[in-house]
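*Asks:* If you scroll down you'll find the structure; I have some questions about it.
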Amino acid sequence: MINLLLLGVVMLAVGGCACVLWAERGGPRWVRHVATVTLAVSELVRRSRRRRRRSVDRNTSGGD
């Protein structure tokens, strides 16, 4: 079951990347919307990873 969920997430990511590329070349309106959502989600993931990394760095460097 978890494999199907992971496969679904990967397929959504690949489809989103394809829509970003298609939208750059002037695709239909729905492709541009999907590309916008894909880029927004990727930015949220990037920001959350940065925050998580900062909190880990603070916790590990203050132990001495």
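The values are calculated or read from the model by the stated rules, or taken from the named source; none is laboratory data. Given the structure is predicted, the values throughout are model-derived calculations rather than measurements. Cβ placement follows ideal geometry from the backbone for every residue including glycine, while neighbour counts extend to all protein chains displayed. Quick note on the areas: whole protein, heavy atoms, side chains included, nothing else; ligands and nucleic acids left out. Shrake-Rupley method; radii C 1.70, N 1.55, O 1.52, S 1.80 Å.
*Asks:* Sorted by accessible area (1.4 Å probe), largest first, how do THR38, THR60 line up?
*Replies:* Details: THR38 35, THR60 100 Å².
From most exposed to least exposed: THR60, THR38.
*Asks:* What's the FRET efficiency of HIS33 with ARG54 using the Cβ-Cβ distance as r and R₀ = 25 Å, to the nearest 0.05?
*Replies:* On the way: r = 32 Å, r/R0 = 1.29.
Once rounded, the FRET efficiency stands at 0.20.
*Asks:* Give the shape of the range 2-51 as rounded, prolate or oblate, defined through the alpha-carbon gyration tensor: a ≥ b ≥ c are the square roots of its eigenvalues, a/c under 1.5 means rounded, and otherwise the shape is prolate if a/b is larger than b/c and oblate if not. Before the final figure, lay out the partial values.
*Replies:* Details: a/c = 3.02, a/b = 1.30, b/c = 2.32.
Oblate is the answer for the range 2-51, as a/c is 1.5 or above yet b/c matches or exceeds a/b.
*Asks:* Measure nothing but the geometry: give the 0 to 90° angle between the long axis through the Cα atoms of 29-61 and the longest principal axis through the Cα atoms of the chain, rounded to 10°.
*Replies:* Helix 29-61 sits roughly 10 degrees off the main axis of the chain.
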